[in-house]
Every structure is written in structure tokens, then in C-alpha cells.
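The values are calculated or read from the model by the stated rules, or taken from the named source; none is laboratory data. These numbers come from a predicted model, not from an experiment. With ideal geometry, Cβ positions are generated from the backbone for all residues, glycine too; neighbour counts draw on all protein chains shown.
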Amino acid sequence: GTRVVRRSAGEQGLPLDIAVWTPPGHDRSATGSPVLVVLARHDGDWLPSTLAKDLRAVVVTMAPDDDAQALAGLSWIASHAAGWNGTPERLGILGDGPGADRALRITALARDADGPAVLRLVL
């Protein structure tokens with residue numbers, strides 16, 4: 001099944017709790033096409049675990065309190081993508097409901113701050 005790891009992450013002294021879902025059979029040492037790293041701004045476990053399984057993606061969720069935490073979290077995810085056999089060049093953000101506004105804002109913040117590039121934005 002899908003495996004989830006919960007941890008704290010953050011940069012610039014900004015604590016941020018995240019959860020990382022990996023697809024069934026995920027191998028961090030595999031070669032070939034990198035796994036897409038998706039930042040899903042969503043509460044709960046059903047959607048992230050389903051995305052990880054159905055998209056064969058690494059799904060990272062976080063609930064930032066403010067813009068600085070959101071940008072730090074996105075930077076942390078991009079810098080750790082290789083550890084999940086991913087690449088920051090294939091970073092996507094998903095947000096639904098109230099999370100859609102946050103996902104759009106994180107994408108704009110990253111662009112304006114010359115942060116990690118977002119390949120896909122799903123609202």
C-alpha cells in the first residue's frame with residue numbers, strides 16, 4: 001500500500017509539519033524517469049494517498065500558517081525531491097476548496113521570489 005511519513009521541516013527557523021506519501025512499490029534508488037513530486041494543500045489522508053497510488057507520485061502535504069512558511073515549505077520540498085527519486089523540475093501544486101487560494105498564492109510567491117518553479121498547478 002501507500003506509505004506515509006510525517007516529519008517536521010522548514011527553513012529559516014520556520015517550523016512546518018509535513019506528511020510525505022509514496023506510491024506502493026516506490027524505490028528511492030530506482031533509475032529512469034523521476035517520480036513527480038506533488039505538493040497537495042489538503043487536509044486529511046484520502047486524497048494524498050489516492051494521488052500517490054493513482055499517479056505513482058510522491059505527494060507532500062503541509063499546512064502553512066503564512067506565506068513565509070508556505071514558501072519555505074515549497075523550497076524544502078524542492079531541495080529534498082531527489083531523496084524521493086524526484087526532481088524539482090517536475091514539481092506540481094494541487095489545492096481544492098480553501099486550499100486552492102493557498103496553492104495559487106504559493107505558486108505566485110515562488111515565482112516572484114525566484115523560488116522553485118512550479119510545473120503544474122491544479123485548482
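Does GLY97 count as without any contact (Cβ under 8 Å) to a residue 60 or more places away in the chain and more than 20 Å from SER8 (Cβ to Cβ)?
Numbers: without any contact (Cβ under 8 Å) to a residue 60 or more places away in the chain: yes; more than 20 Å from SER8 (Cβ to Cβ): yes.
Taking the combined requirement at face value, the residue satisfies it.
Taking the stated definitions as given, is ILE106 under 24 Å from GLY44 (Cβ atoms) and either in contact with a Ser or Thr (Cβ under 7 Å, 6 or more places away or on another chain) or among the aromatic types (Phe, Trp, Tyr) (or both)? Spell out the reasoning first.
On the way: under 24 Å from GLY44 (Cβ atoms): yes; either in contact with a Ser or Thr (Cβ under 7 Å, 6 or more places away or on another chain) or among the aromatic types (Phe, Trp, Tyr) (or both): no.
Spelling it out, it is not the case that ILE106 is under 24 Å from GLY44 (Cβ atoms) and either in contact with a Ser or Thr (Cβ under 7 Å, 6 or more places away or on another chain) or among the aromatic types (Phe, Trp, Tyr) (or both).
Using the structure shown, decide if HIS80 is modelled with pLDDT of 85 or more and not basic (Lys, Arg).
On the way: modelled with pLDDT of 85 or more: yes; not basic (Lys, Arg): yes.
Yes: the conditions hold for HIS80.
Could you grab me the full set of residues in region 1-31 that are assigned to a strand (DSSP E or B) and either at pLDDT 75 or above or hydrophobic (A, V, I, L, M, F, W, C) (or both)? Let's see the steps before the verdict.
Let us first name the residues in region 1-31 that are assigned to a strand (DSSP E or B), namely 3-9, 16-22.
If the condition is that a residue be assigned to a strand (DSSP E or B) and either at pLDDT 75 or above or hydrophobic (A, V, I, L, M, F, W, C) (or both), then VAL4, VAL5, ALA9, LEU16, ASP17, ILE18, ALA19, VAL20, TRP21, THR22 are the ones that fit.
Among the residues of region 32-65, count how many are within 15 Å of GLY95 (Cα to Cα), exposed (fewer than 14 other Cβ atoms within 10 Å of the Cβ) and either within 15 Å of the chain's Cα centre (by Cα) or at pLDDT below 85 (or both).
Count: 4.
Name the residues in region 77-90 that are closer than 17 Å to ARG56 by Cβ, out of contact with any helix residue (DSSP H, G or I) (no Cβ under 6 Å at 6 or more places or on another chain) and either in a strand (DSSP E or B) or touching a residue at least 60 places away in the same chain (Cβ under 8 Å) (or both), would you?
TRP84, GLY86, ARG90
Among the residues of region 107-123, what is the count of those that are touching a residue at least 12 places away in the same chain (Cβ under 8 Å) and over 20 Å from GLY86 (Cα atoms)? First the steps, then the outcome.
Initially, region 107-123 is screened for residues touching a residue at least 12 places away in the same chain (Cβ under 8 Å), giving 107, 109-110, 113, 115-123.
From what is left, the residues that are over 20 Å from GLY86 (Cα atoms) are 109, 113, 123.
Total satisfying the criteria: 3.
Can you name every residue in region 91-123 that is touching a helix residue (DSSP H, G or I) at 6+ places or on another chain (Cβ under 8 Å), over 12 Å from SER75 (Cα atoms) and not in a strand (DSSP E or B)?
Result: ASP96, ARG102, ARG105, LEU123.
Which of the residues spanning region 107-123 are surrounded by 12 or more Cβ atoms within 10 Å (Cβ to Cβ) and either of a type in the set (Val, Ile, Thr) or farther than 13 Å from PRO88 by Cα (or both)?
Start the filter on region 107-123 by keeping residues that are surrounded by 12 or more Cβ atoms within 10 Å (Cβ to Cβ), which leaves 107-111, 113, 115-123.
Passing the criteria: THR107, ALA108, LEU109, ARG111, ALA113, VAL118, LEU121, VAL122, LEU123.
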